[in-house]
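Here the structure is laid out as structure tokens; the discussion comes afterwards.
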Amino acid sequence: MNTNTLTRALPAIIVLAVFISACTGDAKEAESLTNIPHTPVAEIIELDTTIHQDYVASIHAYKNVEIRSRLKGFLDKIYVDEGSEVAQGQPLFRLNDTEYRAELARAEAVLENAVADRKTKALEVGRTKLLVDKNIVSPTDLEVAEAQLSAADSRIKEAKSQLQHAKTQLAYTTIRAPFSGRIDRIPLKEGSLLDEGTLLTSISDLSKVYAYFEISEQEYLAIVANEGVRTADPSMPVQLTLANGMVYPHEGKAEFAENEFEETTGTISLRALFPNPDGLIKHAASGKVSVPMQHGQNLVVHQKSVFEIQDRTYVYKVGEDSTVTMVPFKAGLRVGHYYLVEDGLNAHDKIVFEGVQNLRDGMKVAPQIAPSSDRHSIATAAN
């Protein structure tokens, strides 16, 4: 090829090279845009949150007492069956009362003799006084008669006391319900020999129940100090979860049951009173009490957005230029699938909603708004 021909072809070669370079750049740019990940993004929102702290609870009847014999004797009659409902004052058991009726009759006779003896002593005082007035006997004889009359009065008081004791013992032979409730198991049968203090059964008033649980000193101070970060409102209703996981349909009220901390555990006992109109809960049952911890307005972040490095929690914050930045924050209590934000993030900050394991600090992303169903689930779980 001669020089003239090369000179004429040079402009075409330059144009072709520029075209090829432009196409290569567009291809690289298109490839770069294709590699930017499409990432769901959500704003951090502020909600009025209420969470519940669960405590293991032991459940007791509103009233529960053991029915025991106060006397020795044979069990003559059982008026009730195991598990039956009884009313206050209703007879439950009867002991053989033959000996106690005999003791009552003897006490009545002793009292009658004491009253008769007192009348005799009173007549003797009157007679002696007349003789003293006539100077027939000395005043000393009158003093002796009056002392005997005083002793007779004392014997009457003693006889009345013995009579009352005999009546009380006889009354104890019929054992009555101290309050309305439900009878427990009856271990003995009619004809059994009883001693003083023998357990006959127990009775429970199950119209209401107490659920006892313990909190730590720190939790106690949070309740009474009404701290802004974590406080409990004792006037709010508490929930009870039964041993089978069922949430009890009736709400209760919590109150302090003790005035001092347990030295070994550093805890203090509380109790919650629950209505039990259907008698579903029995004495000595178990469950969990959920105490509401009121937080007011708080920021929440979904657990999908959170990752941990060396015991610190992070999220990826999305900047105006769609670049993600790894930002640490202080995570508070867990509410369902969400964390309360105590520090490090602000309302309306845009963060990566999920897929954080595929990102790195400083990386560009193609933000996409997280589905509305996910944003709705935040409000549902946190309230």
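Across the range 21-49, what is the number of residues that are modelled with pLDDT of 70 or more, farther than 21 Å from Val318 by Cβ and among the β-branched types (Val, Ile, Thr)?
1
Give me the residue from the range 292-312 that is buried (at least 19 other Cβ atoms within 10 Å of the Cβ) and under 15 Å from Val356 (Cα atoms) and, out of that set, farthest from the chain's Cα centre (by Cα).
Ranking the candidates gives Ser305 first.
All but one of (1) in contact with a Leu (Cβ under 8 Å, 6 or more places away or on another chain); (2) of a type in the set (A, V, I, L, M, F, W, C); (3) outside the structural domain of Ser84 (by TED's automatic domain parsing) hold for Leu188, so report the exception by its number.
The failed condition is (3).
Pull out all pairs, ordered by first then second residue, where Cβ-Cβ is under 6 Å, the residues are six or more apart or on different chains, the first lies in the range 58-74 and is closer than 14 Å to Ala171 by Cα and touching a residue at least 12 places away in the same chain (Cβ under 8 Å), and the second is outside any strand (DSSP E or B) and polar (S, T, N, Q).
Filtered contacts from the range 58-74: Ser69/Thr198; Gly73/Asn96.
Looking at Glu103, Glu85, which one is within 30 Å of Ser204 (Cβ to Cβ) and modelled with pLDDT of 90 or more?
Exactly one residue qualifies, and that residue is Glu85.
Have a look at Ala347, Ala331 and point out the one that is among the aliphatic types (A, V, I, L, M) and in a loop (DSSP other than H, G, I, E, B).
On inspection, the qualifying residue turns out to be Ala347.
Of everything in the range 138-186 that's hydroxyl-bearing (Ser, Thr, Tyr) and outside any helix (DSSP H, G or I), which residue is surrounded by the fewest Cβ atoms within 10 Å (Cβ to Cβ)?
Ser138
Among the candidates Glu263, Glu320, Glu251, Glu258, single out the residue that is without any contact (Cβ under 8 Å) to a residue 24 or more places away in the chain and under 30 Å from Arg185 (Cα atoms). It would help to see each step written out before you state the result.
On the way: Glu263 fails: under 30 Å from Arg185 (Cα atoms); Glu320 fails: under 30 Å from Arg185 (Cα atoms); Glu258 fails: under 30 Å from Arg185 (Cα atoms).
Testing whether each residue is without any contact (Cβ under 8 Å) to a residue 24 or more places away in the chain and under 30 Å from Arg185 (Cα atoms) leaves just Glu251.
When you go through (1) surrounded by 12 or more Cβ atoms within 10 Å (Cβ to Cβ); (2) modelled with pLDDT of 85 or more one by one for Glu320, which number turns out not to apply?
In the conditions (1) surrounded by 12 or more Cβ atoms within 10 Å (Cβ to Cβ); (2) modelled with pLDDT of 85 or more, Glu320 misses (1) alone.
Out of all the residues in the range 103-137, which are in a loop (DSSP other than H, G, I, E, B), among the aliphatic types (A, V, I, L, M) and loosely packed, with under 13 Cβ neighbours inside 10 Å?
Ile136
Go through (1) surrounded by fewer than 14 Cβ atoms within 10 Å (Cβ to Cβ); (2) closer than 30 Å to Lys157 by Cα for Gln88 and report which single condition fails.
(2)
Can you tell me how many residues in the range 40-57 are under 30 Å from Glu219 (Cβ atoms) and either surrounded by fewer than 18 Cβ atoms within 10 Å (Cβ to Cβ) or free of Cβ contacts under 8 Å to residues at least 60 places away in the same chain (or both)?
Number of matching residues: 8.
Pairs under 7 Å by beta carbon, first residue within 23 Å of Arg94 (Cβ to Cβ) and without any contact (Cβ under 8 Å) to a residue 24 or more places away in the chain in the range 146-173, partner surrounded by fewer than 13 Cβ atoms within 10 Å (Cβ to Cβ) and among the charged types (D, E, K, R), six or more apart or different chains?
none
Can you work out which of the residues in the range 59-72 that are buried (at least 16 other Cβ atoms within 10 Å of the Cβ) and not basic (Lys, Arg) is nearest to the chain's Cα centre (by Cα)?
My answer is Ile59.
Test Tyr100 against the stated conditions and say whether it is outside any loop (DSSP other than H, G, I, E, B), of a type in the set (Phe, Trp, Tyr) and under 30 Å from Glu214 (Cα atoms). Full working, then the answer.
Working: outside any loop (DSSP other than H, G, I, E, B): yes; of a type in the set (Phe, Trp, Tyr): yes; under 30 Å from Glu214 (Cα atoms): no.
Criteria not met by Tyr100.
The values are calculated or read from the model by the stated rules, or taken from the named source; none is laboratory data. Just so it is clear, the model here is predicted, and its values are computed rather than measured. Here the Cβ is made from the backbone with ideal geometry for all residues, glycine too, and neighbour counts use every protein chain on show.
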